[in-house]
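Below: the structure, in C-alpha cells.
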Amino acid sequence: MEYFHSVRLDQEKCKGCTNCIKHCPTEAIRVREGKARIIQERCIDCGECIRICPNRAKIAVGDGLEKIRGYRYKVALPAPSIYAQFYPEVPVPRILGAFLALGFDAVFEVALAAEVVAAATKDFLLKHRGPRPLISPACPAVVSLIQVRFPALVDQIAPLETPMDAAARLARSKAVAEMGLRPEEVGTFFISPCPAKITAVRQPPTGLLSQVDGVLPLAAIYPDLLRASETAREVDPVAGPRGVGWGVSGGENASIGLNRLLHVDGIHHVINVLEGVEKGEVTDIDYIEAQACPGGCVGGALMVKNPFVARQALTRALASLELGPGYSPEELEARVAEGECQVAGRVKPRPALALDADLDNAIAKMKLLEDTLATLPGLDCGSCGSPNCRALAEDIVRGQAQDTDCVFRLRERVRILAEEVVELARKLPPSMAGK
Amino acid sequence: MDRAKEELVLNFQVQGRDFQGAGVAASQIRRVLKQVGFDPQVVRRAGIAAYEAEMNIVIHAYRGTLSARITAQEIEIVAEDEGPGIADIELAMQEGYSTAPPEVREMGFGAGMGLPNIKRCADGLEIASEVGRGTTLRARIVIKGT
C-alpha cells in the first residue's frame, strides 16, 4: 500500500547527522549514503524530526494559498491553537478578520466544532460499554502512532469526528444553507499547526473521505496573516472558551467535563501512557486525551512561537472577554441527539514492524536478530545510520544493512586482519630461515 | 513437507521489590511478539500475562526469572521465583484476594487481580508452589489458525 506523507526531506540541506533517527518515535528514519531516508510504512508525520533537525532539512508539504482559488466560496478553518500565534498583540476578532483580508469569504472556527465534538464525546463515554480507557481521535499523529506501534489499541480510539472534520462539515452546510451554494462550490481549508493534520486529510485513518479540501500550514502563511491582521476588519468570534481551550493540552478533557479523564502531551510521554494501557496498568481511567506535541497543539511542529509562550498566550485569551458565547447547552444537546460527530469508519492497524508475514520465518529471523544484537556493542551511537543497536540488528536481518556498518565491528575486523598481516610478515621462506 | 518448527526463548532476571524496574521484562517480551508479527490481540493477552507474572515476582518474591517460549503455535510465559510461596493456590486465584503488604497496596499494586487477570488472558495456567521455597507459574497462549 502507498502512503502519503507530508513530512519530507530536503536533500540539499541534510548533512546525514543522526539527530532525527534517534528522536523518531517509530524508528522510521535511517541514514543511508549520507542522507536521511524516511521509511514510508512507519512514518506517522508527527514532526519530531522537523523539530530536532539542526539543519532545517525536514520539511512539511501542505497546500498553498493559491489552492483556494479553485473554489467559488472559500472558508478558512483556523485551529484554536492558531490564536496563540498572534495573541495578545492581535486581538481575537482581528485574527479572524485577517483570513478575510487574505482572500477567504468566511471563517469558521474549529473551536466551535470542538464544542459539539466534546458534547458528543461526553455522551458517548456515558453510554459506552466496552474496553476502557477510550482514546481521543483528535490528534492524528497519536492515531497513526497507535496504528503502527500499538495495534491492539485501535479499537479503543473513540469513533468520533475530529474538530477539524466536524468544522469542515458544519462550515460547508452553513455556506450551502446561507449562501444558496452547491456543496462542491464550497472550499474548506484547515489552518494547521502540524504536519500530521495534512496527512490526516490526504489519507484519513478511517479510510473515509475527508470533509476538508485543503490544509495550509500556519508557518507558510504566517507573514501574510500577520500583515493582513494590521488592517483587517473585526470578525466576532462565536466559539467560547470551552472550544478554544482545545488548543492546549487538557482543554479537550475540560470541555468534556467528566471525571476519570487523563491528558498527556509530548509524543514520548504519550508512548509511556499507551504502554501502560497495553500492560493493563491504566484501569481507572475512562478517556485519554493524548497529544503528540509539547503542551498540545500550541506546540505544533509548524507553529512559529515558542510552545510555552504560546500556551500562556492561549490561556490569557481564554480568560479574556474577547471570545464568543459558544453553542448553548440546548443547542449542543439537540445536535448530540441527532447523532452528530459519530463516524462509521474504524481505524485499522498498520502492521509496519513485523519481520515476516509467516510466523515461523519471523521467529527464525527474530532469533537471528537476538544473536546479531549480542555481537553489537550496545552503545546505541547511531553511527551506522540506524537509531540504535537493536534497529541495526533488525536492518541486518532484513538484508538492509551489514555488520561492518557498525564502526566498532568494523574496527574489530580491521584489528584481526592487521594481526594476521603481522603474523604473516614474521614468516620467512625456508631458504632464508636460520640465516 | 514438515519442516523444523522454530522456537525462540527469552529470559529475564526480575528483582523482588524493584518497583522502578518492574515491567521492563514484560515490555521486552511484548516488543518481540509485535516484531514477530503475532495478532495484536495475542500480543495483548501474552503481554498482560507476562506483566502480571512479573509484578507478582516484584511484589511477593525475593528474585526470579521471567521467560517466554515462543513458537508459531503457542506462547508460553514462565515465571519462576525464590520467595515465600503460595500456601493456598485456590484462594490466591480469587479476585480481590491478596497477601501484598500495605506499603505495596499504597503504590496501587496488590489489588488481588494479578492471577485472575492471567487466567483470563491465558488458554492454560499452571501454578506449582512450595511454601518457603518459591513459585513457578506457566501461562500458555495458543495461536489460533495454525
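The values are calculated or read from the model by the stated rules, or taken from the named source; none is laboratory data. Predicted model only: the values in this text are computed from it and were never measured. Because the Cβ atoms are built from the backbone with ideal geometry, glycine has one as well, and the counts that use them run over all protein chains shown. Just the protein is used for accessible areas: all its heavy atoms, side chains included, with ligands, DNA and RNA removed. Shrake-Rupley method; radii C 1.70, N 1.55, O 1.52, S 1.80 Å.
What distance in nm lies between label points placed 7 Å from Cα along the C-beta direction at residue A:371 and residue A:185?
Going from the residue A:371 label point to the residue A:185 one covers 7.0 nm.
Taking the Cα centre of the stretch A:93-209 as origin, sum charge times position over the Cβ atoms of Lys and Arg (+1) and Asp and Glu (-1), and report the length of that vector in debye to the nearest 20. Before the final figure, lay out each step's value.
Numbers: 12 positive and 10 negative charges, 74 e Å.
Dipole size: approximately 360 debye.
Excluding ligands and nucleic acids, what accessible area in Å² is computed for residue A:23 using a 1.4 Å probe, to the nearest 10?
Counting only protein heavy atoms, the figure is 70 Å².
Measure nothing fancy, just the Cα-based angle from helix A:267-279's long axis to the longest principal axis of chain A, in degrees from 0 to 90, nearest 10.
With rounding to tens, the tilt is 80 degrees.
Give the A-B buried accessible area in Å², both sides summed, 1.4 Å probe, nearest 100.
Heavy-atom accessible area buried at this interface is about 2400 Å².
Nearest 20 debye, what's the magnitude of the dipole of the stretch A:237-389 about its Cα centre given +1 on Lys and Arg Cβ and -1 on Asp and Glu Cβ? Show your work: numbers first, answer last.
Values: 12 positive and 20 negative charges, 101 e Å.
Computed charge dipole of the stretch A:237-389: roughly 480 debye.
Based on alpha-carbon positions alone, could you give the equivalent ellipsoid semi-axes of the protein assembly as shown from the gyration tensor, as √(5λ), descending, whole Å? Can you show the working numbers first?
Numbers: eigenvalues 466, 234, 80 Å².
Whole-Å semi-axes of the equivalent ellipsoid: 48, 34, 20.
Using the scaling law 2.2 N^0.38 Å as the reference, what is the normalised Cα Rg of the stretch A:1-47?
On the way: Rg = 10.3 Å, N = 47, 2.2 N^0.38 = 9.5 Å.
This ratio for the stretch A:1-47 stands at 1.09.
Arrange the residues A:45, A:403, A:371 by how much accessible surface each exposes, largest first, with a 1.4 angstrom probe.
Details: A:45 5, A:403 45, A:371 100 Å².
Putting A:45, A:403, A:371 in descending order of accessible area: A:371, A:403, A:45.
Roughly how many whole Å is it from the C-alpha centroid of the stretch B:99-127 to that of the stretch A:99-143?
That distance is 37 Å.
So who's got an amide H within less than 5 Å of the one on residue A:327, skipping anything under 5 residues away but keeping other chains? H placed 1.01 Å off N, in plane.
Answer set, sorted by chain and number: A:240.
Counting pairs on different chains as well as pairs 8 or more places apart, how many Lys pairs in the stretch A:1-134 have Cα atoms under 19 Å apart?
Values: A:13/A:22; A:13/A:35; A:13/A:58; A:15/A:35; A:15/A:58; A:22/A:35; A:22/A:58; A:35/A:58.
Lysine pair count for the stretch A:1-134: 8.
Taking the Cα centre of each part, how many Å lie between the stretch A:271-286 and the stretch A:320-351?
Centre-to-centre (Cα) distance: 26 Å.
As a test of reading the structure, rank A:173, A:144 by solvent-accessible area (1.4 Å probe, protein chains only), most first.
Working: A:173 65, A:144 20 Å².
Descending order: A:173, A:144.
If you line up the long axis of helix A:140-149 against the longest principal axis of chain A, both from Cα atoms, how many degrees apart are they, to the nearest 10?
Result, in degrees: 40.
Express in Å², to the nearest 10, the accessible area of residue B:91 obtained by rolling a 1.4 Å probe over the protein heavy atoms while all chains stay in place.
Counting only protein heavy atoms, the figure is 60 Å².
How about residue B:34: which lysines have a C-alpha closer than 18 Å to its C-alpha, ignoring those fewer than 8 places off in the same chain?
A:279, A:348, A:365, A:367, B:144
So if each residue of separation counts as 0.36 nm, and I subtract the Cα-Cα distance between residue A:416 and residue A:37, what length gain in nm does that give?
Numbers: separation 379, 0.36 × 379 = 136.44 nm, distance 3.27 nm.
Extra length from residue A:416 to residue A:37 when fully extended: 133.2 nm.
So, taking all protein chains as they sit and a 1.4 Å probe, how much accessible area belongs to residue B:143, in Å² rounded to tens?
For residue B:143, the solvent-accessible surface is approximately 20 Å².
With all protein chains present and a 1.4 Å probe, how do A:373, A:410 order by accessible area, largest first? List each step's numbers first, then the result.
Values: A:373 45, A:410 80 Å².
Final ranking, largest accessible area leading: A:410, A:373.
Return the distance in nm (one decimal) between the two label points of a simple spin-label model at residue A:126 and residue B:91, each offset 7 Å from Cα along Cα→Cβ.
Using points 7 Å along Cα→Cβ, the separation is 4.5 nm.
If I take R0 = 60 Å and measure r between the Cβ atoms of residue A:224 and residue B:128 in this structure, what FRET efficiency does the formula 1/(1 + (r/R0)^6) give, to the nearest 0.05?
0.25
With angles folded into 0 to 90 degrees, how steeply does helix A:407-426 sit against the dominant principal axis of chain A? Use alpha carbons for both and round to 10.
Orientation of helix A:407-426: about 10 degrees from the principal axis.
In terms of modelled amide H atoms, which long-range or inter-chain residues lie less than 5 Å from the amide H of residue B:37?
HN-HN under 5 Å from residue B:37: A:355.
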